[in-house]
Amino acid sequence: MGDSQYSFSLTTFSPSGKLVQIEHALTAVGSGQTSLGIKAANGVVIATEKKLPSILVDETSVQKIQALTPNIGVVYSGMGPDFRVLVRKSRKQAQQYFRLYKEHIPVTQLVRETAAVMQEFTQSGGVRPFGVSLLIAGYDDNGPQLYQVDPSGSYFSWKASAMGKNVSNAKTFLEKRYTEDMELDDAIHTAILTLKEGYEGQISSNNIEIGIIRPDREFKVLSPSEIKDFLEEVE
Amino acid sequence: MSRGTGAGYDRHITIFSPEGRLYQVEYAFKAVKSAGATSIGVRGKDCVCVVTQKKVPDKLLDQTSVTHLFPITKFIGLLATGLTADARSLVYQARNEAAEFRFKWGYEIPVDVLAKWIADKAQVYTQHAYMRPLGVVAMVLGYDEEKNAQLFKCDPAGHFFGHKATSAGLKEQEAINFLEKKMKDDPQFTYDETVQIAISALQSVLQEDFKATEIEVGVVRKEDRVFRALTTEEIDQHLTAISERD
């Protein structure tokens, strides 16, 4: 990908062996809105805060949780515009896989290819790393899966994870509440409670987003009325 | 031992600063304000109206050539706030993209698709060092068959949102405060109300009463889906209605 004038990498090693641009990118992620994901025995849930800069913004025009394929969804913490670029590239990669193999791309492969793109931007000429961390949730023949991908391009599979402003409190909360045999509906409740923990202000069906995937392998983003039902169950 | 500000280039090109910020993008926002003008956009029930100041710095200039309001297609308009040269470049590219879309797919480009394209282009400039971000905030307006009246705002950072009302430029924050109060209960304004709210917001925030030649107004409405700039007479009518109301 090198840009003509900039055929040198902007991300270079510091004397102590660190890649500072990646560290700064992680700082950008850490100041983004909190998001989290939980892998249950029969599905995966991902959720995020949706705080808009003003009441004048039309909240129906914004969707932070996006589907990459019918059975894989993604949420982010960090810079929205960078996220859009990654969603577009990942969707294209998934389609290219399907065109070649006539099979839907397995979750691990899509995660690997997305992570490879993010790594390229830490080494190519004239570009900066992506300022987002992704939580990719999917359900395929290997069951429900949840992966986190960082700006460096490294990725890990998680049982439950959180990113963004409230990451440490959220992770502590999740560590306490997580059980291996959790059902998806319990996981959704736990996700809502975790978001509520760090939320500044009143949580409602219009200022959070939740995406789920059940054994039917269809990723869907919950509508505000569906979120409302879950919120009421949690109260 | 890593030094605090890295190599010091974080202010010159769009790489991350130690706090995880992009200084060049933040400076681009400042450039939008430095142009000195303020713009307002309001979405009513079935219409959208955008208003901006028409500052003609020199009496010798041909007034008709000074404009920030650009039709992108017959049905979509763009109000550019900030550096005029960057605005022209953006408008040129947007017109090209809209025309290609129409040719390729056989139907007019929807407003949100164009807004997303503009925002994605802006994102590229924030990630690639070879091009600086544009010093323009673009308000895109149009009437969509499925989603009715639409108003989008795209900024140098690559963000874009749909808005019920919004503002850009020097007095952006004051205007947003004014509009938040007016739009609090989600009112569904008629065409005349929309235009008058937009103009009176500008007047209130800049604390001056305008003559019809000092502002530009662009509208799109359900009854007449073509994007139009209002004539001086029409602007005058609305200004009179506002002053009679007060």
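Quick note: the coordinates plus some simple rules give every number you see, no bench work behind them. This one's a predicted model, so the numbers in the text were calculated from it and none came from an experiment. Cβ placement follows ideal geometry from the backbone for every residue including glycine, while neighbour counts extend to all protein chains displayed.
Angle, helix B:84-105 long axis vs. longest principal axis of chain B, Cα atoms, 0 to 90°, nearest 10?
Roughly 80 degrees, rounded to the nearest 10.
When chain B is modelled as a GNM with alpha-carbon springs shorter than 10 Å, which of B:38, B:190, B:166 fluctuates the most?
Of B:38, B:190, B:166, the most mobile in the Gaussian network model is B:190.
Mind checking the mean number of beta-carbon atoms from other chains within 10 Å of the Cβ atoms in B:122-133?
The shielding value for this peptide is 5.
What size of dipole, in debye to the nearest 20, comes out for the protein assembly as shown about its Cα centre when the only charges are +1 on Lys and Arg C-beta atoms and -1 on Asp and Glu C-beta atoms?
1400
For chain A, find the longest principal axis of its Cα atoms and tell me its angle to the long axis of helix A:20-30, 0 to 90°, nearest 10.
Around 20 degrees separate the two axes.
What average count of beta carbons from other chains do you get within 10 Å of the Cβ of residues in A:121-134?
The mean count of partner-chain Cβ atoms within 10 Å per residue comes to 3.
Taking 8 Å as the Cα distance limit and 6 or more residues as the minimum spacing, I'd like the relative contact order of chain B as a percentage.
Computed value for chain B: 27 percent relative contact order.
Using only atoms on other chains, find how many Cβ atoms lie within 10 Å of each Cβ of peptide A:76-83 and report the average.
What the average comes to for A:76-83 is 5.
Output wanted: per-residue J couplings in Hz (rounded whole) for the stretch B:41-58, from phi through Karplus 6.51 cos²θ - 1.76 cosθ + 1.60, θ = phi - 60°, x for Gly and Pro.
Karplus values, whole Hz, x for Gly and Pro: x, 9, 10, x, 5, 10, 7, 9, 10, 10, 9, 8, 6, 10, 8, 9, x, 9.
Extent of the stretch B:23-244 along each principal axis, from alpha carbon coordinates, in Å, largest to smallest?
Extents along the principal axes: 52, 39, 38 Å.
Would you give the gap between the C-alpha center of the stretch A:48-127 and the C-alpha center of the stretch A:191-206, rounded to a whole Å?
Measuring centre to centre over Cα atoms gives 24 Å.
Suppose we take every Cα in chain A and form the convex hull; what volume per residue is that in Å³?
Value for chain A: 144 Å³ per residue.
Straight-line reach from residue B:54: which lysines have Cα under 24 Å away, leaving out those fewer than 8 places along the same chain?
B:30, B:33, B:74, B:153, B:164, B:171, B:211
In the stretch A:91-200, with Lys and Arg counted as +1 and Asp and Glu as -1 at Cβ, which of these residues, A:153, A:108, A:179, has the Cα nearest the positive end of the dipole, that is, farthest along it?
A:153
With respect to the cross-link table entries A:64/A:165; A:39/A:92; A:89/B:121; A:64/B:104, which display a Cα-Cα separation exceeding 24 Å?
The answer is A:39/A:92; A:64/B:104.
When ranked by the protection proxy of mean other Cβ atoms within 10 Å per residue, highest first, what sequence do the peptides A:46-59, A:126-139, A:21-34 form?
Averaged packing, sorted descending, gives the order A:126-139, A:21-34, A:46-59.
Which is the longest run of chain B containing none of the GluC sites (Glu not before Pro) found in DSSP loop states (not H, G, I, E, B) with at most 14 other C-beta atoms within 10 Å?
B:20-144
Using the Karplus curve 6.51 cos²θ - 1.76 cosθ + 1.60 with θ = phi - 60°, what ³J(HN,Hα) values do you get for each residue of the stretch B:8-15, in whole Hz, with x for Gly and Pro?
x, 8, 5, 8, 9, 10, 7, 10
Can you work out ³J(HN,Hα) from phi for every residue in the stretch A:122-127, in order, using Karplus 6.51 cos²θ - 1.76 cosθ + 1.60 and θ = phi - 60°, giving whole Hz and x for Gly and Pro?
9, 10, 6, x, x, 10
What value, in deg cm²/dmol to 500, does the helix sum -39500 (n - 2.57) over DSSP H runs of n ≥ 4 give at 222 nm once divided by the residues of chain B?
Calculated mean residue ellipticity at 222 nm is -12500 deg cm²/dmol.
By how many degrees, 0 to 90 and rounded to 10, does the Cα axis of helix A:167-177 deviate from the longest principal axis of chain A?
40
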